[in-house]
1. Checking residue 172 against (1) in contact with a strand residue (DSSP E or B) (Cβ under 8 Å, 6 or more places away or on another chain); (2) surrounded by fewer than 19 Cβ atoms within 10 Å (Cβ to Cβ), only one condition comes out false. Which one?
2. Considering only residues that are closer than 23 Å to residue 243 by Cβ and in a loop (DSSP other than H, G, I, E, B), which ones fall in the stretch 259-288?
3. Spot the failing condition for residue 360; the list is (1) part of a loop (DSSP other than H, G, I, E, B); (2) within 23 Å of residue 271 (Cα to Cα); (3) not basic (Lys, Arg), and only one is missed.
4. From (1) touching a Lys or Arg at 6+ places or on another chain (Cβ under 9 Å); (2) at pLDDT below 90, pick out the condition that doesn't hold for residue 12.
5. Any idea how many residues of the stretch 108-140 are under 19 Å from residue 191 (Cβ atoms) and loosely packed, with under 14 Cβ neighbours inside 10 Å?
6. Suppose we keep only residues that are farther than 30 Å from residue 254 by Cβ and touching a Gly at 6+ places or on another chain (Cβ under 9 Å) within the stretch 285-314. Which one would you say is surrounded by the fewest Cβ atoms within 10 Å (Cβ to Cβ)?
7. Give the residues of the stretch 89-144 that are among the aromatic types (Phe, Trp, Tyr) and over 18 Å from residue 264 (Cα atoms), sorted by residue number.
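The values are calculated or read from the model by the stated rules, or taken from the named source; none is laboratory data. In this text, all values refer to a predicted model and were calculated from it rather than measured experimentally. FYI the Cβ positions are ideal-geometry reconstructions off the backbone, even for glycines, and counts take in every protein chain you see.
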Amino acid sequence: MKFLLFAGLLLAGAGSAAQSTEQTPVSTDNPRRTPLDRQIDSLVTDFLRKHKTVGLSIGILRGDSTFYFNYGETAKGNGQLPARSTLYEIGSISKTFTATLLADAARRGRIDMNAPVNNFLPDSLPILQKNGKRVTLTMLANHTSGLPRLPTNLFTSTAALVNPYREYDRRKLFAYLMKAELAREPGKEVEYSNLGAGLLGTLLENGLNSDYEELLQKRIAGPLGMKSTALTLNDEQKRRFAQGHDGGGKAASSWEFLALAGAGGIRSTTEDMLQYLRAELGDGPRTLVRAMQLTQEKTATQGDRAIGLGWFWNVKNPQPWYWHNGGTGGFSTFAAFNLRRKTALVVLTNSQIQSDPLSLSLLSALETP
């Protein structure tokens, strides 16, 4: 799992976990009635007391049953408990949505997944290649493009230090691509790239003549009834948007995206995310489910780790969890589903502190009958 813990740098919630010895009660709506309730409560309260995570929301899907557990506060000191309708930045989990949009377009015959990326870029840009091997759309989705984690021209202003993607538009993206050099031949090795996933979102806009937000709503959020999943929030959604916090517990700026929205720009809730993961498990509109199944097919490996389009899993596990985590300046998130167990988990937190240790413990708990 460590591959993505810090792999996104600006999209994987860096920062060491600060310790706390406080034993104050943690606010929660967990009824603590069933063995699962109590096991989750033990894991979460231990995590919250050790780290400066302000609040979190958990969604669990088991067969036809859904469970929601909320802890802490939507903003430090406000006393407001999060809910299944609380919005969080989901960070790099957005990459799985971008990959799904690619798979959906491919299944509908709108885009060839193996097409070179330059087919969707201005003719003025040089061919993105190395040793004669061109970068394709699939390589952007499975992190084998050879592109670096981040573009070198990302930090061009003071504002970029706290909201790094807000000013990164097409002009800056194309300026980078004009001089881009690949670290290795495309398709050979997996190297996590926020730049690659963000570029894929822009190329889908070009190829489908629609902006990323519209594609998200029309092809995924709308069909699944995910009414609180978006890049740009309306006034009502803004009132449900949790305040993010940095690794020290201080309020952090939200992150807005332009040209690299496909890498990490989506906001969502545990309720909506369980709808998304339910479809990943096969329960959803037929066309969308088939596209999602395409993202679950292995396209590359790195050791014991396999990657489809967006999703990662352990190839040696006969009942693997497909997973992706995420992080921004004030949020840390995790999503996973298990096809054989018909189980899914989403963990959304409003703190930069890594939620992966808690998430992995929760996955272990869900493997218990």
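1. All conditions pass for residue 172, except number (1).
2. Across the stretch 259-288, the qualifying residues are 265, 266, 269.
3. Exception for residue 360: condition (1).
4. Status for residue 12: all satisfied but (1).
5. Here the count works out to 1.
6. 297
7. Let us first name the residues in the stretch 89-144 that are among the aromatic types (Phe, Trp, Tyr), namely 97, 120.
Passing the criteria: only 120.
Residues are listed down the side, and each one gets a yes or a no for (1) free of Cβ contacts under 8 Å to residues at least 12 places away in the same chain; (2) touching a Leu at 6+ places or on another chain (Cβ under 9 Å); (3) over 21 Å from residue 200 (Cβ atoms); (4) assigned by TED's automatic domain parsing to the domain that holds residue 79:
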{"site": "245", "(1), (2), (3), (4)": "no, no, yes, no"}
{"site": "253", "(1), (2), (3), (4)": "no, no, yes, no"}
{"site": "256", "(1), (2), (3), (4)": "no, yes, no, no"}
{"site": "263", "(1), (2), (3), (4)": "no, yes, no, no"}
{"site": "276", "(1), (2), (3), (4)": "no, yes, no, no"}
{"site": "286", "(1), (2), (3), (4)": "yes, no, yes, no"}
{"site": "303", "(1), (2), (3), (4)": "yes, no, yes, no"}
